[in-house]
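As structure tokens, the structure follows; a few thoughts come after it.
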Amino acid sequence: MTEVTPILTMSRVSKRFGATQALDDVSLTLYPGEIHAVVGENGAGKSTLIKIMTGIYGADSGSMVVVGEEVSPRNSAEAQLLGIAAMYQEPLIFPDLSVAENIFIGHQDRGRLVRWDAMYQDAAQILERLDLDIDPRMPAVGLTVANQQGVEIAKAISLEVRVLIMDEPTAALSAHEVDRLFQQVRSLRDSGVSVLFISHRLDEVFELADRITVLRDGRHISTRTVAEVTEESLIREMVGRDPSDFFAWSDRPRGEVVLRVESLTRRGVFEDVSFQVSEGEILGFAGLVGAGRTDVGLALFGVSPADSGSVELDGIPVELESPRDALELGIAYLSEDRRQLGLSLPQSVTSNITLATLPRYTSSIGLLNAPAERQDAGSLAEELTIRTPSLATPVSQLSGGNQQKTMLAKWLNTNPRVLILDEPTRGIDVGAKTDVHHLIDELARSGIAIIVISSDLPEVLAMSDRVLVMREGRVRGVFDRDEATQERVMTAAVGTV
């Protein structure tokens, strides 16, 4: 049997940022015609590794060899010349350019004069190869996220890519769009391309990958074929503890009813929604995307007020016309979109934690009490184990899990009676999920009434005292913990008998 020559080999690569050892003696080999998954918690070193591959960072030590030649790309353009390209969760698309221009924008070999007909023809051939029904002449601004991903793959093909790095490419895609993306990825593999696939979704890793590498705390833990590992063994290697420790639930006494909702309706969005949540209770909201769960949460936080129905807090009728109303009444809402709606990324950890309570730290003439602000932020950062170089660090530099904890700290600083958590573990790794689950359970034990909206059904079932199921804007069932099986909840969510 002929030995296959690796396309790319990383040998004993290390990289340090100040006091943080991002990579420590990591080795990785990619072969032609394979899909190689790299998994690990946020902060495990995955992003640093691919940034070294693509020339964004230089390694402190170690070597990188592409098809037998040692290289050190200094930027992404040099990496592309070596046949290495990357596509990310948010595609890099120029909306005002055509699809064809986006595909060939990285080419410097076409001369100064653009041969438009040839470019459109070449683009059409690549799109057809990927089974993408897209007009290469259309502006990219009209593309769905799935088609933007397709254009990114077409761009890589146009560059005759040897290694395509895909970093969380499915985060914003529907199940059907993911299936189509995977078909395109397998087609690339079959043509001899090496695909480096990074995802927190282990079901996708098992469906797609040929081999899997685990990183933890910047170190290489293992590389095995997909047949040699299980989800449990992967998780154990990723986080260094047993999967049975992940979901946290304790048998907590429930107090008085804190929030009572009766016949809440927002025309065309949800209708006749009724439920109650007690002190120390976690009420899970389950249902398919578009069922109206988030819309109910936004109504209770005053972002999109309901048209009719009633809300009582501690037995007293309340009006929720704005987030200010909700906060003053003790209702907090953690958004599913932390980057756009939950955090101010350029600002520090301290500023984000105190953002919703800033008047508490300002005098009557507008002077900021910075020591008090830092003290409260520091206490919450310690309580929630937010890993950050300092409280002055911009939140954009934190891992996804620590960003999520920072957003949670912001709302806990308001001392809420009711805490609405919308997709509290979306986009964070399994280790950070464990931390968030334990935090939620501790908050419930402290007496806060909690609503958890999640598309992760095992998460909802494991964490909730009761599960409310929505479908097409209406409540279709409420199950106690011992009644809420995956089958019963899904039956209510999809409307099957």
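Every read-out reported here was derived from the displayed coordinates using simple, explicitly stated rules and does not represent laboratory data. What you see is a predicted model; the values in this text were computed from it and never measured. Cβ sites come from the backbone with ideal geometry, for glycine too, and all protein chains shown count toward neighbours.
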Segment 8-242 - percent relative contact order, Cα under 8 Å, separation 6 or more: 29
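How much net charge surrounds residue 229 when only the other residues with a Cβ under 13 Å from the Cβ of residue 229 are counted, with Lys and Arg +1 and Asp and Glu -1?
Within the 13 Å Cβ shell, the charges total -2.
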Sequence-distant residues sharing a close amide H with residue 22 (under 5 Å, placed H): 15, 16, 17
Estimated dipole of the chain in Debye, rounded to 20 [Cβ of Lys and Arg +1, of Asp and Glu -1, Cα centre]: 1040
Nearby lysines by direct alpha-carbon distance to residue 405 (threshold 16 angstrom, same-chain neighbours under 8 apart not counted): 433
Furthest towards positive pole of dipole, 371, 412, 450, structure part segment 257-494, Cβ charges: 371
In sequence order, calculated HN-Hα J values of segment 452-459 (Karplus, 6.51, -1.76, 1.60; Hz; x Gly/Pro): 10, 9, 8, 8, 8, 4, x, 5
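Quick check: from the Cα gyration tensor, does the chain come out rounded (a/c under 1.5), prolate or oblate? Can you show the working numbers first?
Details: a/c = 1.80, a/b = 1.61, b/c = 1.12.
Prolate, because a/c is 1.5 or more and a/b exceeds b/c.
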Positive-end residue of 176, 31, 316, charge dipole of the chain with Cβ unit charges: 31
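So how do 20-27, 207-214, 161-168, 263-270 stack up, highest first, on mean other-Cβ count within 10 Å?
Ranked by mean Cβ neighbours within 10 Å, highest first: 161-168, 207-214, 20-27, 263-270.
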Whichever lysines have a C-alpha closer than 16 Å to that of residue 51, once near sequence neighbours (fewer than 8 apart) are set aside: 15
Long-range HN-HN contacts of residue 259 with modeled amide H, under 5 Å: 277, 314
Dipole magnitude of segment 315-448 about its Cα centre (Cβ charges: Lys, Arg +1; Asp, Glu -1), debye to nearest 20: 320
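Helix-derived [θ] at 222 nm for the chain: sum -39500 (n - 2.57) over DSSP H runs of at least 4, divide by residue count, nearest 500?
-9500 deg cm²/dmol
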Net charge dipole size for segment 257-494 [Lys, Arg +1 and Asp, Glu -1 on Cβ; Debye, nearest 20]: 560
For segment 202-212, 3J(HN,Hα) per residue [Karplus equation, 6.51 cos²θ - 1.76 cosθ + 1.60, θ = phi - 60°, Hz, x = Gly/Pro]: 5, 5, 5, 4, 5, 6, 9, 7, 8, 10, 9
Protection proxy ranking, peptides 444-450, 81-87, average beta carbon neighbours within 10 Å, highest first: 81-87, 444-450
